Amino acid sequence: MPFPNSIRLIFAVALVSFITSPSNAALEVIGSGYGRTGTDTLREALNELGYKTYHMREIMKGQLLSDIKVWHDQIENDCSDVEALRDLFERGGWTAALDFPTVMCYESLMIAFPQAKIIHTERKSSEQWWNSASNSIMIIASLFPFNVLHAVIPFLKIRKAMLNSMWSKVLGGKNITISDDDFPL
């Protein structure tokens, strides 16, 4: 009988903690799992262990406009600017990175920070992930009042462009916008 997800997550965090301890010097942990796969729980656990964890939550909370611009450029250019990624994490003093948009560039981050440990999170099936993501993080920007806010607040306008690029890549290149009527649900 397989272990429940929570036990696997605790084991992964304990293993990373055993292998490396946070030094606040460089990115030490890279998450390769999409949002809605336990990344927020993992963020909380890593923060508890002393890591400074980069997650979509931090982008929104800090309204990190310069980061949004870097991510939009990275996503549009297949994460090819490894130096810009390195600078983003070193400038912010981040020691762990999870969730969107980080996961879009996890392979480039492995090049920028070769000593980092990788933690992969996933749902039991792609159908479970789709049901969760398509009913939460993928549609929130198209719902009132967020759809109005995205039209008038500069930070959210730029974030919307980044999200459109990100979801297009996740969905295999389909050009979508988060407010399209035919957005796949």
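The values are calculated or read from the model by the stated rules, or taken from the named source; none is laboratory data. Since the structure is predicted, the reported quantities are computational estimates derived from the model, not experimental observations. Virtual Cβ from ideal backbone geometry, glycine too; neighbours counted across all protein chains shown. The protein model used for the area step is the full one, side chains on, heavy atoms only, and it has no ligands, DNA or RNA in it. Shrake-Rupley method; radii C 1.70, N 1.55, O 1.52, S 1.80 Å.
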Using a 1.4 Å probe and ignoring any ligands, DNA or RNA, find the accessible area of residue 58 and quote it in Å² to the nearest 10.
-> 20
Give the distance, in whole Å, between the Cα centre of segment 114-143 and the Cα centre of segment 63-98.
-> 20
For residue 124, which aspartates and glutamates qualify as cross-link partners when the Cα separation must be under 19 Å and same-chain residues fewer than eight apart are set aside?
-> 40, 99
Neighbourhood charge, 12 Å Cβ-Cβ cut-off, centred on residue 104 and excluding it, Lys, Arg +1 and Asp, Glu -1 | -4
Roll a 1.4 Å probe over the protein heavy atoms and report the accessible area of residue 125 in Å², nearest 10.
-> 40
Residue 103 - accessible surface, heavy atoms, 1.4 Å probe, Å² rounded to 10 = 10
Net +/- balance of residues flanking residue 27 in space, Cβ distance below 9 Å, scoring K and R +1, D and E -1 | -1
Sequence neighbours fewer than 8 away in the same chain don't count; with that in mind, list the lysines whose C-alpha is under 25 Å from residue 69.
-> 52, 61, 157, 160, 169, 174
Starting from the Cα of residue 118, step 7 Å along the direction of its Cβ; do the same at residue 41; then give the gap between the two resulting points in nm.
-> 2.2
Tell me the trypsin sites (Lys or Arg not before Pro) within segment 86-145 that lie in a loop according to DSSP and have at most 13 other beta-carbon atoms within 10 Å.
-> 124
The ³J(HN,Hα) series, computed from each phi in segment 109-118 with the Karplus coefficients 6.51, -1.76 and 1.60 at θ = phi - 60°, rounded to the nearest Hz and given as x for glycine or proline, is 5, 5, 6, 5, 10, x, 7, 5, 8, 9
